[in-house]
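Undergrad: So that we are looking at the same thing, I have put the structure below in structure tokens.
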Amino acid sequence: MVIGKGSYGQVCIASRGEAEGVAGKHGGKRKKFACKCVMLRSDPKYIAKLQEEVNVLRELRGHENVIRLYDVFCVDNELFIITELGRGGDLFHLLTTHPKHGVTEAYAAKTVAQMLSAVAFLHHRHICHRDLKLEN
């Protein structure tokens, strides 16, 4: 299932584990991940940007509000970046599906505090996000 599209590729939900209904560590449910799928091109600038993205994700371990990188691999001419699947979807979806009621002030304050904490974590490491938006 595609959950996002961008200039470099698309993000799908991927899973790993025992088949549904099989008892095990996760009670028969497969663990879900986000899988960014990118078709590789022979453009050196393009490859450098992808490599930079992967390097940044590898460097940013250890903060509860930063998506965790699990794996990176290539199959044929396609790069797959496997990350933690964010719970609850994105803020854009939340706000556009609840336009009349919105969110509580407490929820908004907590969410903004989490975002600022993550951005401060990046800035402390001299990293700029470059694509902060409700959809991300």
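Each reported figure results from applying straightforward, stated rules to the coordinates on display, with no laboratory input. These numbers were taken from a predicted model, which means no experiment stands behind them. With ideal geometry, Cβ positions are generated from the backbone for all residues, glycine too; neighbour counts draw on all protein chains shown.
Undergrad: Let me know the charge dipole size of the range 88-136 about its Cα centre in debye, to the nearest 20, where only the beta-carbon of Lys, Arg (+1) and Asp, Glu (-1) is charged.
TA: For the range 88-136, the charge dipole is close to 80 debye.
Undergrad: Amide H of Lys31 versus every other amide H placed in the peptide plane: which residues, excluding those fewer than 5 positions away on the same chain, fall under 5 Å?
TA: Arg16
Undergrad: In nm, to one decimal, how far is the Val75 label point from the Gln114 one, both placed 7 Å along Cα→Cβ?
TA: Between Val75 and Gln114, the simple spin-label model gives 3.1 nm.
Undergrad: Follow-up. Within the range 46-118, list the GluC sites (Glu not before Pro) lying in a DSSP loop whose Cβ has at most 16 other Cβ atoms in a 10 Å radius.
TA: Here the GluC sites (Glu not before Pro) that fit, given the DSSP loop and packing criteria, are Glu64.
Undergrad: While we're on this one: How much length would be gained if the chain were fully extended between Glu105 and Gln10, taking 0.36 nm per residue of separation minus their Cα-Cα distance, in nm to one decimal?
TA: Length gained between Glu105 and Gln10: 30.9 nm.
Undergrad: Still on this structure, please answer the following. Which ordering of Asp76, Asp43 is given by a fewest-first count of other beta-carbon atoms within 10 Å?
TA: Asp76, Asp43
Undergrad: Next question, about the same structure. Tell me, Ile13, Ile81 in order of fewest to most beta-carbon neighbours within 10 Å?
TA: By the 10 Å Cβ count, ascending: Ile13, Ile81.
Undergrad: Counting only pairs 8 or more places apart or on different chains, how many lysine pairs in the chain have C-alpha atoms closer than 27 Å?
TA: 21
Undergrad: Suppose we flag trypsin sites (Lys or Arg not before Pro) only when DSSP calls them loop and at most 13 other Cβ atoms lie within 10 Å. Which is the longest uninterrupted stretch of the chain?
TA: Value returned for the longest uninterrupted segment is 62-86.
Undergrad: Something else about it: What residues have an amide H closer than 5 Å to that of Arg68, excluding those fewer than 5 places away on the same chain, when H is modeled at 1.01 Å from N in the peptide plane?
TA: Excluding prolines and chain starts, which carry no amide H, the hits are Glu84.
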